[in-house]
Amino acid sequence: MTAVLAKLRSNLANWRDWEINPIVIKELRQAVRNRAVAGMLMLMLVVLFIFSLGFLISNSFDIDSDNQIGGPMFQTFVTILAGMSIFFIPLYMGVRIAAERQENNPDLMYVTTLSPARIIRGKFFCGAYMALLFFSACMPFMAFTNLLRGVDLPTVFFILFFLYLIVCAANLLAIFFACLPLSRPFKILLALYGFFQSIWIIVPAVFASTHMMRAGIGSMMGERYFWIETVTSITIAGALGGLFYVLSVALISPPSANRALPVRRYITLIWLLGGLLALAWVWKAADPEAILVWHHIMFILLTLSLVVVVSNGDRLSFRVRRDIPAAGWKRTVAFLFFNGAAGGLAWVTVLYAITYLMSAFVMTIASPRAATTFSIEDRSHFMIVFPAVLAYLFAYALTALFIHRQFLPNRPAKVAGLLAILLAGLAAVGPGIVLFFLNQLSWNSLEGMQLGNVFNVFYLHNDGRAFYHLCFAGAWLLVAAILNARWFWRQANDFKPLAIRAVPPETAPAGQ
Amino acid sequence: MKVQVKNLRKEFGRTVAVDDISFSFDSGHVFGFVGPNGAGKTTTMRIISTIEEPTSGDVLVDGVSVCEEPELARRLVGYVPDTLPAHGDVTVHEYLDFYGRAYGLRGQKRTRAVEAIEEFTNVAGIREKHLRALSKGMKQRVSLGRALVYDPHILVLDEPAAGLDPRARVELRELLALLAEQKKAILISSHILTELTEICNGVVIIERGKILETGTIDDVLKKSVPRRTIAVRLADVSAGPHLLKEILQMPHVENARTVAGETHFEFGGNDDAAAEILNLLIARKFKVVEFRQTRANLEDIFMTVTKGGVQ
């Protein structure tokens, strides 16, 4: 912390030496020369112009003293702008990064002294500047709609701001996907998938902006709740954007770096802030359901984290070991946050456990309105279903780790993560296929209980059956934990700082 | 400044691209990295340049491990890949300026460094041209300029002369000689071995991921090509077949053959024995116009030690 502050102070003192991120300069230079960017911008302006002309001509025959064509025109312009910028800018940035980061052949800028964080920031800011270019080109048309009545200027600016944030978030998402270490065919498939899936960002964005316009954002701006909702939405979007940023930085960092630390630190931070926010909401608004929102979001996030931590290798690089604190509680905390599958498992377990216990506590005892909000069935369902699901998830993860260690030790660590997913998939699909054939080609049996299938737990409405799942998953987890206990213990014991740096033996210089 | 490659191994699936190789080179030395296609040269160079991660082993650049501290090692190594710069839509100056910025050069220092490199690599006249408009030779110069702009102590050049015309090759050779004078440690791979002979102090010969020979050119020459080749040219070319018969019966002589009107033979004796051969030829009335020792070069070493195996 002191080092960070000292660096910040030094940076502020030397403000005359500040320079723009080189990636931003390079990317913007290339973007303004890129025919696709210029073509898309021109296309957008032409479409906006044609639509404006169409609106004006079609409405000029309509003799009505209360004609308010500004509103529909604005909606159309928002749709065009959202479509163009959400489809194009993230795709442009994503494709560029994916091309630069071809498997085993990255662009040479990735092996300069630019830090991974600076590269990702540069890419993001370039996308943000491009979005600004698109938005500013659209701005005169938007402002023009105000003169035609039907929409006020604060609404115009607020909706544009809202859309701009969505474009930036989509941009971060595209950067993250482009940084994934996939081969070219997979990247092309991912780009195509992302391109078509971006419709699910555009449609809600357009609907939300239409709703905001009809609701009259301008008149709501004086209300406190409007700003609470706005700030909350921006904070949640910012937190998600931050997560993709941290993940992208980790993905392009060297394998010897402590890549897990910033990611686990960030997730812990949003977990903590989210939890505090949810608790505050529970007490202030007397709405215990807020804790479930936090629980479910963190449940998804931690499940994804579990797959990632299982994919971590066991061997710590020298530079990571050099940073391990000597002893005491600092070393224990470092074990949770530094690289390594064992520490990662412990970290996920701690966060899962606290999240579940806190939610259960609020649902049953802590909240004064818990009894009226949640029925006994709801609580009982929560108390059985989630532990069963958690037990399954950890059982898959630990079994995958064991299989990888025992049978595929020479394969990369990420194979363990793939195995965990494969186990879950097999447990979900396998019994279904067998039962399908045993049951004379009928799918009816799938609605029954399938022990080992985590997805089946969610389909059971009978808590008694879910309890069987809990027992089965618990037993599986116990066996898997016993099989991994020695490994975990060894990892925890080996998590020690590097006492002296190992100096490799000198090789006789050739030809000298 | 020393580069130490230690027990380096790189696997791509089941293929072992680099198999436990170790060698080192120093400042002021130009080290040739020679081997057939698929020998593992590019992989090794990419590991030294921190682009690839080794499966095992390490490379220490002035004591800095490329596996453990790639960020620090990157400041010390300038890499010229075998592919040309891909950023076709930027100008030469913008390209070099970007890499100057990327390596932390600021303000006037960067401006001076970029201008100096443009002069040094002779691209100042084309600094406003887009990269896509450049010839291969010019792109190669720009690539070298990029690797030099932050003044690294070590240069790793992968096939820098490939596809260059004779003039560009000579100019590249001169540039490398200048860089060696500036006490840079240079590792260069090339298939044009005769050129490497002229600029290299040392050589590493690699095949199927394993080192076959390493050392100074002279040492490797002595070790790999112990017999020297002597060429004899007669005034009367028609006497060649007769000379061939005669010479094969002389002491220390092996593998005599006719090459472009001359008789070449491998000779295992010392200088006195060579002089005795010349005396014998003159005594047997051969009109000897030329009697010279042909210097073995990297090509000879390469052909002697490699088998042409690829992975």
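The values are calculated or read from the model by the stated rules, or taken from the named source; none is laboratory data. Being a predicted model, the structure only gives us computed values, none of them experimental. All Cβ positions, even for glycine, are placed from backbone atoms using ideal geometry, and neighbour counts span all protein chains on display.
I'm checking my understanding of the structure. Among residues of region A:173-221 that are farther than 30 Å from residue A:149 by Cβ and polar (S, T, N, Q), which one is farthest from the chain's Cα centre (by Cα)?
A:183
Would you pick out the residues in region B:104-126 that are within 12 Å of chain A (Cβ to nearest Cβ) and part of a loop (DSSP other than H, G, I, E, B)?
Of everything in region B:104-126, those that are within 12 Å of chain A (Cβ to nearest Cβ) and part of a loop (DSSP other than H, G, I, E, B) turn out to be B:104, B:105, B:106.
Return the residue satisfying two criteria in turn: it lies in region A:75-90 and is buried (at least 20 other Cβ atoms within 10 Å of the Cβ) and not β-branched (Val, Ile, Thr), and of such residues it is farthest from the other protein chains (Cβ to nearest Cβ).
Ranking the candidates gives A:77 first.
Tell me the residue from A:54, A:83, A:39 that is over 15 Å from residue A:144 (Cα atoms), assigned by TED's automatic domain parsing to the domain that holds residue A:132 and free of Cβ contacts under 8 Å to residues at least 24 places away in the same chain, please.
It is A:39.
Within region B:127-138, is there a residue that is within 13 Å of chain A (Cβ to nearest Cβ), at positive phi and exposed (fewer than 15 other Cβ atoms within 10 Å of the Cβ)?
No - not one qualifying residue is present in region B:127-138.
Could you list, in sequence order, the residues of region B:159-189 that are surrounded by fewer than 23 Cβ atoms within 10 Å (Cβ to Cβ) and within 9 Å of the chain's Cα centre (by Cα)?
B:159
Output the residue which, of all residues in region B:18-48 that are surrounded by 22 or more Cβ atoms within 10 Å (Cβ to Cβ) and of a type in the set (Gly, Ala, Ser), is nearest to the other protein chains (Cβ to nearest Cβ).
B:24
Output the residues belonging to region B:106-125 that are in contact (Cβ under 8 Å) with a residue 40 or more places away in the chain and either surrounded by 21 or more Cβ atoms within 10 Å (Cβ to Cβ) or in contact with a Ser or Thr (Cβ under 8 Å, 6 or more places away or on another chain) (or both).
Result: B:121, single match.
Would you please name the residue that is farthest from residue B:66 (Cα to Cα), looking only at residues in region B:1-17 that are facing another protein chain (nearest Cβ under 9 Å) and of a type in the set (D, E, K, R)? Can you show your working first?
Step one: list which residues in region B:1-17 are facing another protein chain (nearest Cβ under 9 Å), which gives B:2, B:4-7, B:12.
When the remaining residues are screened for being of a type in the set (D, E, K, R), the result is B:2, B:6.
Numbers: B:2: 13, B:6: 11 Å.
Filtering region B:1-17 for residues that are facing another protein chain (nearest Cβ under 9 Å) and of a type in the set (D, E, K, R), the one farthest from residue B:66 (Cα to Cα) comes out as B:2.
Against the definition (aliphatic (A, V, I, L, M), in contact with a Gly (Cβ under 7 Å, 6 or more places away or on another chain) and touching a residue at least 60 places away in the same chain (Cβ under 8 Å)), how does residue A:163 come out, yes or no? I'd like the intermediate steps shown before the answer.
Values: aliphatic (A, V, I, L, M): yes; in contact with a Gly (Cβ under 7 Å, 6 or more places away or on another chain): no; touching a residue at least 60 places away in the same chain (Cβ under 8 Å): yes.
It is false that residue A:163 is aliphatic (A, V, I, L, M), in contact with a Gly (Cβ under 7 Å, 6 or more places away or on another chain) and touching a residue at least 60 places away in the same chain (Cβ under 8 Å).
Return yes or no: is residue B:32 outside any loop (DSSP other than H, G, I, E, B), more than 15 Å from the chain's Cα centre (by Cα) and not hydrophobic (A, V, I, L, M, F, W, C)?
Values: outside any loop (DSSP other than H, G, I, E, B): yes; more than 15 Å from the chain's Cα centre (by Cα): no; not hydrophobic (A, V, I, L, M, F, W, C): yes.
It is false that residue B:32 is outside any loop (DSSP other than H, G, I, E, B), more than 15 Å from the chain's Cα centre (by Cα) and not hydrophobic (A, V, I, L, M, F, W, C).
Could you check residue B:292 against (1) under 27 Å from residue B:197 (Cα atoms); (2) in contact with a Ser or Thr (Cβ under 8 Å, 6 or more places away or on another chain) and say which number it fails?
(2)
So which of A:148, A:165, A:108, A:153 is aliphatic (A, V, I, L, M), surrounded by 19 or more Cβ atoms within 10 Å (Cβ to Cβ) and in contact with a helix residue (DSSP H, G or I) (Cβ under 7 Å, 6 or more places away or on another chain)?
Working: A:165 fails: surrounded by 19 or more Cβ atoms within 10 Å (Cβ to Cβ); A:108 fails: in contact with a helix residue (DSSP H, G or I) (Cβ under 7 Å, 6 or more places away or on another chain); A:153 fails: surrounded by 19 or more Cβ atoms within 10 Å (Cβ to Cβ).
Criteria check complete, one pass: A:148.
Please work out which residue is surrounded by the fewest Cβ atoms within 10 Å (Cβ to Cβ), limiting yourself to region A:168-199 and to residues that are of a type in the set (Phe, Trp, Tyr) and modelled with pLDDT under 85.
A:196
Would region B:71-92 turn up any residue that is closer than 14 Å to residue B:130 by Cβ, out of contact with any Phe, Trp or Tyr (no Cβ under 7 Å at 6 or more places or on another chain) and not in a loop (DSSP other than H, G, I, E, B)?
Within region B:71-92 (the criterion being closer than 14 Å to residue B:130 by Cβ, out of contact with any Phe, Trp or Tyr (no Cβ under 7 Å at 6 or more places or on another chain) and not in a loop (DSSP other than H, G, I, E, B)), the answer is yes, since at least one residue qualifies.
Scan (1) touching a residue at least 40 places away in the same chain (Cβ under 8 Å); (2) hydroxyl-bearing (Ser, Thr, Tyr); (3) surrounded by fewer than 21 Cβ atoms within 10 Å (Cβ to Cβ) for the single condition residue B:99 breaks and write down its number.
(3)
Working carefully through the options B:199, B:192, find the one that is at pLDDT below 85 and surrounded by fewer than 17 Cβ atoms within 10 Å (Cβ to Cβ).
Answer to the selection: B:192.
Against the condition in the same structural domain as residue A:362 (by TED's automatic domain parsing), at pLDDT below 95 and out of contact with any Lys or Arg (no Cβ under 6 Å at 6 or more places or on another chain), how does residue A:234 come out, does it pass?
In short, no.
What are the residue pairs meeting all of these: first residue in region A:321-338, first residue over 18 Å from residue A:349 (Cα atoms), second residue among the polar types (S, T, N, Q) and surrounded by 18 or more Cβ atoms within 10 Å (Cβ to Cβ), Cβ atoms under 7 Å, and 6 or more apart or on different chains?
Hits for this filter: A:323/A:258.
Could you tell me whether any residue of region A:373-380 is at pLDDT below 85, of a type in the set (Asp, Glu) and surrounded by fewer than 20 Cβ atoms within 10 Å (Cβ to Cβ)?
Yes, region A:373-380 has at least one match.
Give me a count of the residues in region B:113-153 that are of a type in the set (S, T, N, Q) and in contact with a Lys or Arg (Cβ under 8 Å, 6 or more places away or on another chain).
2
Out of all the residues in region B:85-103, which are over 23 Å from residue B:177 (Cα atoms), within 12 Å of chain A (Cβ to nearest Cβ) and modelled with pLDDT of 90 or more?
B:90, B:91, B:93, B:94, B:95, B:97, B:98, B:99, B:100, B:101, B:102, B:103
Which of the residues belonging to region B:49-78 are closer than 13 Å to residue A:112 by Cβ and either among the aliphatic types (A, V, I, L, M) or more than 7 Å from chain A (Cβ to nearest Cβ) (or both)?
Once the filter is applied, which keeps residues that are closer than 13 Å to residue A:112 by Cβ and either among the aliphatic types (A, V, I, L, M) or more than 7 Å from chain A (Cβ to nearest Cβ) (or both), region B:49-78 yields B:51, B:72, B:73, B:76, B:77, B:78.
Mind checking whether some residue in region B:218-226 is without any contact (Cβ under 8 Å) to a residue 12 or more places away in the chain and farther than 30 Å from residue B:156 by Cα? Break it down into steps so the answer makes sense when it comes.
Of all residues in region B:218-226, those without any contact (Cβ under 8 Å) to a residue 12 or more places away in the chain come to B:218-219, B:222-223.
Next, only the ones that are farther than 30 Å from residue B:156 by Cα stay: none.
Scanning region B:218-226 turns up no residue that is without any contact (Cβ under 8 Å) to a residue 12 or more places away in the chain and farther than 30 Å from residue B:156 by Cα.
With a cut-off of at least 2 residues that are over 28 Å from residue B:18 (Cα atoms), name the helices (runs of 4 or more DSSP H) lying wholly within region B:198-311. If you could, list the steps in order and put the result at the bottom.
Values: elements: B:217-224, B:240-248, B:271-283, B:298-305.
Answer list for region B:198-311: B:240-248, B:271-283.
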